[in-house]
1. Please report A:F72, B:F33 as a ranked list, fewest other C-beta atoms within 10 angstrom at the top and most at the bottom.
2. Find the centroid of the Cα atoms in the stretch C:148-206 and in the stretch B:161-180, then give the distance between the two in whole Å.
3. With +1 assigned to the C-beta of every Lys and Arg and -1 to the C-beta of every Asp and Glu, and no other charges, what is the dipole magnitude of the stretch D:11-180 about the Cα centre in debye, to the nearest 20?
4. In degrees, nearest 10, range 0 to 90: what is the angle between the Cα axis of helix D:59-68 and the longest Cα principal axis of chain D?
5. Where in chain B are the DSSP H helices whose alpha-carbon span along the long axis reaches 27 Å or more and whose Kyte-Doolittle mean is at least -1.0?
6. If you project the alpha carbons of chain C onto their three principal axes, what span does each projection cover, largest first, in Å?
7. Using only the Cα atoms, work out Rg/Rh for the stretch C:201-284, with Rh taken as the Kirkwood radius, to two decimals.
8. To one decimal place, what orientation-averaged projected area in nm² is obtained for the convex hull of the Cα set of the stretch B:253-329?
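Please treat every number below as a calculation from the coordinates, not as lab data. It should be emphasised that the depicted structure is a prediction, and the values quoted were computed from it without experimental measurement. All Cβ positions, even for glycine, are placed from backbone atoms using ideal geometry, and neighbour counts span all protein chains on display.
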Amino acid sequence: MIVAGIDVGSRTTCALFLAEGKILSYSLIFTGADSAATARRAMDEALSKVDFPGDAVERIVATGYGRILVPFAHKIISEISCHAKGAHFLFPSVRTVLDMGGQDCKAIRVDPHGNPSDFVMNDKCAAGTGRFLEVMAEALRLPLEEIGPLSLHSDQPITINSFCTVFAKAEVGLLMREGIPKKDILAGLHRALSVRIFSLLKKVGIEKDLVITGGIAKNIGVVKVMEEKIGFPALIPEESPLVGALGAAVVAGER
Amino acid sequence: MESFNQFKSIVESRHDVAVKWKNSTGGKVFGQFCRYVPEELIHAGGGLPVFVLGQIGEFGNVDKFVQENTCPYMRSCYAAGLAGEYDYLDGLVVTHACDMMSKMHDFWRNRTKVPSVFLLDFPHKINESSLIYFRNVLDRFRGYLEERFQAEITDGALKESIQIYNEYRRLLRDLYALRRRDPSPISGLEIHTVVLATLLVRKEVAVSLLKDLLKEVEERRDSRPGGVPILVTGTDVDNLVLYSFLEDCGAAIVADDVCTGSRYFWKPVDEKLKPMDALAERYLNNIPCSRTSPSEERYAHIQELAREFKAKGVIMPIMDFCDAHMFDAPYVLDQLNKNGFPTLKMEIDYTEGGLEQLRPNVEAFLEIISGEE
Amino acid sequence: MTTPDLNKPSAPGTLSHWTEEQGKGTLFSGINIGTETVNLVVMNEDDILHAHTEVTEEGGFIVSQRLLEQAKRKLMLPAQSRMTLAATGIGKKTVTFAQKQSSDMVCHARGALWLFPEARTVLDIGASGNRAMSVSKAGKVEKFALNSKCASGTGSFLWGMTKVIEASFEEMTSLSSGIEHGTKISNYCAVFAESEVISKIHGGEPKSRIVAGIYDAVVDRLMEQLNRVGIREEVVVTGGVARNTGLIRALERRIGRKVRVPQDPQIVGALGAALFARVNVGQE
Amino acid sequence: MALKGSSKNLQTAMEAYKWVKAGYSNAHRAKEEGRPVAWLMFGVPLEIIYTMGIAPVFPENFGALAAAKRVGFQYCEAAEQEGFNKQICSYARTVMGLTIHPEAVEEAPSGGLALPDLLIAPTMVCDLRQKWFEDVARRLNVPAFFMSVPDHDLTWRTGRPEKYQMDLFISETKDLIRFLEESLKKKFDYDEFHQRMRWSNETWDTRLEILELRKNRPAPMASSDYFATIYPGMTGLGTKEALDFYKRMLEEVKDRAEKKISVVPEEKFRLMWSGIPMWFNLGLINYPEQFGGVMAIETNYQALPRERSNDPFEDLALRYFHKNASIAVDSQVDLAMRFAEDFFIDGVILSYTQSCRPFYIFQAEARNNLQEKMGIPCLMLESDMADERVYSEGQVRTRMDAFLEVVMKQKGIKE
């Protein structure tokens, strides 16, 4: 049975086909103004990579903040369930999922069947989200993908206690004026961020294995600090941006 | 500065100081958050009352047990309790000084190793029936302590403790008086280091240390660095970070109206009354904090202090989520401004980064009131 | 409104007049080290001779030296010529060789008053802080109010929005013109407000109404400060954000009176510093 | 789930708004006719107020009303611009905003608050209420009376309060009467007072019966009905009208329970609401209904069984000290767990108001206990009771959906 999952996020949309526990194809495009159209486009792109027609897809499950706007979905599910399912599909041993997205950060406790049993999300303030690091990368005039590796070279991280993204940015500006090396500033920023994320994790309880998904999962700097804090290595899927859609597809395949 | 360094080291190694005292004397240590605890009773029973302090920016894993929209100072203290830093306490006396503090009774009782927690209710209104009530509360408190000490607290011992505490209060007021001199022989940060240290030792120790200090300060040649004279009034400040920050910005803290400062020792206990009545009377009528009605006396007191110590301005730290002080602030600041005291409100979140964000504001404020234009 | 146009090199007349008598005159300079931009102003007793704005991440020490050299070259001054310097801004302490330092709030008041002697209320919209000041004729800051620790409604809030809306200040202004009721932006957090705007754009909300809504949000925050000092004629707005005419119009609508904006609002802080250097030299 | 009002099931719930209207217009009429008007914080013995012929006004309720009418946040903004911190109770900010800008009264819902001749508040629930009335007293230049009451966090564990605690409450209550007699130049009518005490106790018992009926499955009424019908109980205690209202409500609930008339066609799961609702979005309470879930019970404002005394003053004291009056962390956690059990709850929504602390600080521990000891899924929902600017639709929706999925999975519900 061929099933599809589609994740309409605030920035990117991902469509993915699944059959007999195998990913057949997927697409990853930017979310446009019209969520329905974007979803349709993502589906078509994923279809263009396979040799079966659209109506061969038996069930479609939508997730992501634009999920309610996907007209052709048979069912809609929240991101939390989908991230749990997706992570469980990739790593059956997962018990805790940390999704560090651009706009929010979720910590999810997962039962042995990949169902979420508890979750917490950050609120109201962007500290502890991927956006925090994007803004800091801007302030440091560095490409986002470079900040992770660079921070690893720091041997004397600066303490940054401003959580507010805007003030932290100002703090960074001042540090640069004082001629502090960027690697040390970054190491400080990653620590500041991981403090926030760690307290989120502790609310649901950290149980082995921990899977980290979302944009920040690509930032080796943050991941290293997190692993220091939790005391064991985290699992990071190659397909990080697909996990949501993958989870949706898994749900579509159930029963 | 021989004896000053002693105060400093007490603050820095406060846990060791308490534990060492406990091991050497076999006495009992009681923690408290607030100055509404009639310590004389603990002291008379041979115990050591110490203030439970938080650690700026340290919140451990407290988020799992207390929401983030609550007093960061109480959360930091509780984090320390959860981490076992206060396991040496034989008891914790929680006053209903503010909502958050009274809630700490159940939190500490349920999740820390502190063997006993006593909730000491403190009336929100100063009047006759409140006094009678509080007098009864003190009887219960005395009973609780006697049970912990397994011994009676005699009126004689209580009288002695009251005398020691009163002498201690006198000495601190003498010390504060030195801040009126220009140039002052002691800095605001030093004074608050001293006060904080005396919250962590038996008061007879504090008394002898204070006597030495006063002598030494009198003989000081080097006058302390000057600065723009300001008064600090507002929420509880249980650490030196704020004071050193302010003086680093160019302020000279000449006086304060905070719970761990002048409010703590300002008024003596009347030694002519019966000891228990005297305690009830003193603690209920000592300089109130903002959650107590009526407030007029407090408002007047703040301006009196500002005048007496020749402050050029008033800085008001308001801890995040501190309801009573937050609500007070607009009126208090307005009154001070009307009476010729420029004011600066600082919203503090109990992190150093939070303070640094305010540096430009503080520096601007000091520059303006210094009249250097 | 008439303020010295600082983009034009100062009139040759002034300059030559000055160089003739260079023996006597001393120059006063002020440098404002912000988080992203650095501003330098050089003046003599009564004129601004040179002003420069630069976006740079350079260390405060280096950049101020470089800009001063540059200024001297431009003004055709001998390298050793005397020039007192006052530093302000978040990085003022990094300019270790500056004779004077002054907080940028006071500098903005000082600068605004020099440009507009009638100014009684000065509103500085900084990158991470707004300040409203009421100033006396003598240039003394009598009352002032600062934004709370949340950065919502500050300069960087608006800069961030220009990226999200993909429109310059000018385009934002023309977009919002004539819009009565903007879209309500409910998020305080400058960063979440951005994502709120993104999703509003996705939701098909017209940009014109969104921009108007952004202005309302900023003005709401600004009013918190303005009300606390009380608004007195005339009102001067400083800081780079003041170049956003749409915001200024929205502010004027709210307070029901016109406000004055300098030609180059971003240099007012540096100007105030230069004036501070002058004052203090005068005293010495 | 854009902001909207709730849908109700009871006739009495739909009529309840008339009570609110009447309450406010009565106060305005009193003002015109020169009868005394008092602003009250909840906890003041209303039997005394009504006996003295005072028209009561409840600022806290106005905070909720203004929010429900979707104008509250504007008053909050006004207060913030006066220097009141955003972290301050949004009820207080709403009322301060209106107090600072009396001209805004024209558009205010129900004509706003009739200006007071007196302010009365007990020093219970939170510190802020006292500071709030101190400030109002200064701005409007009217006398404020604070009832100094013992910390009830102390007494709930021991059950019956000690004598010295009773004494403080009683002496303060008598002080209040003296204060009213002097300021209104009017004798206190003890016979009427006793009559009103009888009514209020009967009202209390009637509410208890209703509470008992809510254990029925399917639930005869939902939290949307409850929150709509608390007004008479909180503001009319000691009046015949309030008593009659709850008698009618009781009949209605009884009838639905007997006929097994349910809130949703097929009741699949039952939820509990902890915390003051978001008055600007009561519709949120109905949200689970589309999935077959009912908000079956809530922990706030409940009248619970308590000890009685024939002496009215002692009786008032006992009511004040009764277990659920305590907002101690343990008593709140205890209540949440008891209710979860007694009302067959499958999931708990702990909705907390960022601008209120004492009322909510127990919720993190409630969550820990409900989940760890009873295996009941919990959702912490951060928003505000009256300041809708804090509400973020996207955030709340994501959390609600995910939470309902968790609950249904645990119950093995296939949709």
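1. A:F72, B:F33
2. Here the two parts' Cα centres lie 57 Å apart.
3. Dipole size: approximately 280 debye.
4. The helix D:59-68 is inclined about 40 degrees to chain D.
5. B:128-149, B:155-177
6. So the three principal-axis extents are 65, 37, 34 Å.
7. A ratio of 1.13.
8. Spelled out: convex hull of the Cα atoms, projected over all directions, averaged, 6.0 nm².
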